[in-house]
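A.B. asks: For reference, the structure I am asking about is given below.
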Amino acid sequence: QARAVSVASDGAEGLELIRATVPDLVVTDALMPELTGDELVELLKKDTELRDIPIIMATAAASPLRVRRMLSLGCRAVVAKPMDEESFLRAVSEALDG
């Protein structure tokens with residue numbers, strides 16, 4: 001099934017886009033201008049309209065401690081950067097299948 005993809009240039013724009021479109025999945029970077037990935041996840045999880053959207057966090061700092069923190073915030077998956085296509089697609093599939 002084909003799905004539309006929207007792209008934001010920073011965390012604040014991403015939050016606006018998510019609120020406007022309520023997507024099936026959010027893929028975010030940990031380090032973004034205006035609003036970090038951590039802050040974005042925290043805001044989404046506090047919003048009753050958006051809290052159930054699955055989130056995948058991409059990060060170059062994928063230490064075990066960082067991964068545990070992202071998962072505890074509510075991310076469905078944390079993918080280390082640079083990402084390989086197989087790992088990313090598996091994370092997307094698992095996040096969308098619940």
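A.B. asks: Which members of the stretch 22-33 meet the condition of being hydrophobic (A, V, I, L, M, F, W, C), without any contact (Cβ under 8 Å) to a residue 60 or more places away in the chain and open to solvent by less than 80 Å² (accessible area, probe 1.4 Å)? Even if it seems obvious, please write down each step before you answer.
C.D. replies: Initially, the stretch 22-33 is screened for residues hydrophobic (A, V, I, L, M, F, W, C), giving 22, 25-27, 30-32.
Next cut, without any contact (Cβ under 8 Å) to a residue 60 or more places away in the chain only: 22, 26, 30-32.
Correct list: Val22, Val26, Ala30, Met32.
A.B. asks: If you don't mind, there's one more thing I want to ask. Which of the residues that make up the stretch 34-55 are farther than 20 Å from Asp97 by Cβ, open to solvent by 80 Å² or more (accessible area, probe 1.4 Å) and in a loop (DSSP other than H, G, I, E, B)?
C.D. replies: Residues satisfying the conditions are Glu34, Thr48, Glu49.
A.B. asks: Could you check the stretch 56-87 and list, in sequence order, the residues that are open to solvent by 60 Å² or more (accessible area, probe 1.4 Å), within 15 Å of Thr28 (Cβ to Cβ) and not in a loop (DSSP other than H, G, I, E, B)? Steps first, answer last, please.
C.D. replies: Narrowing the stretch 56-87 to residues open to solvent by 60 Å² or more (accessible area, probe 1.4 Å): 60, 64-65, 68-69, 71-72, 76, 81-86.
Within this subset, residues satisfying the condition of being within 15 Å of Thr28 (Cβ to Cβ) are 60, 69, 71, 76, 81, 83.
If the condition is that a residue be open to solvent by 60 Å² or more (accessible area, probe 1.4 Å), within 15 Å of Thr28 (Cβ to Cβ) and not in a loop (DSSP other than H, G, I, E, B), then Arg69, Leu71 are the ones that fit.
A.B. asks: Pairs please, first residue from the stretch 58-80 and over 17 Å from Leu40 (Cα atoms), second anywhere and assigned to a helix (DSSP H, G or I), Cβ atoms under 9 Å, 6+ apart in sequence or on different chains.
C.D. replies: Final answer for the pair search is Ala62/Met70; Ala80/Val67; Ala80/Ser87.
A.B. asks: Can you give me the number of residues within the stretch 4-21 that are hydrophobic (A, V, I, L, M, F, W, C) and surrounded by 11 or more Cβ atoms within 10 Å (Cβ to Cβ)?
C.D. replies: Here is the first cut: in the stretch 4-21, the residues hydrophobic (A, V, I, L, M, F, W, C) are 4-5, 7-8, 12, 15, 17-18, 20.
Then drop every residue that is not surrounded by 11 or more Cβ atoms within 10 Å (Cβ to Cβ), which leaves 8, 12, 15, 17-18.
The total comes to 5.
The values are calculated or read from the model by the stated rules, or taken from the named source; none is laboratory data. Computed from a predicted model, the values in this text were never measured in an experiment. Cβ atoms come from the backbone with ideal geometry, glycine included; neighbour counts cover every protein chain shown. In case anyone asks, the SASA skips ligands and DNA or RNA and just uses the protein heavy atoms, side chains included. Shrake-Rupley method; radii C 1.70, N 1.55, O 1.52, S 1.80 Å.
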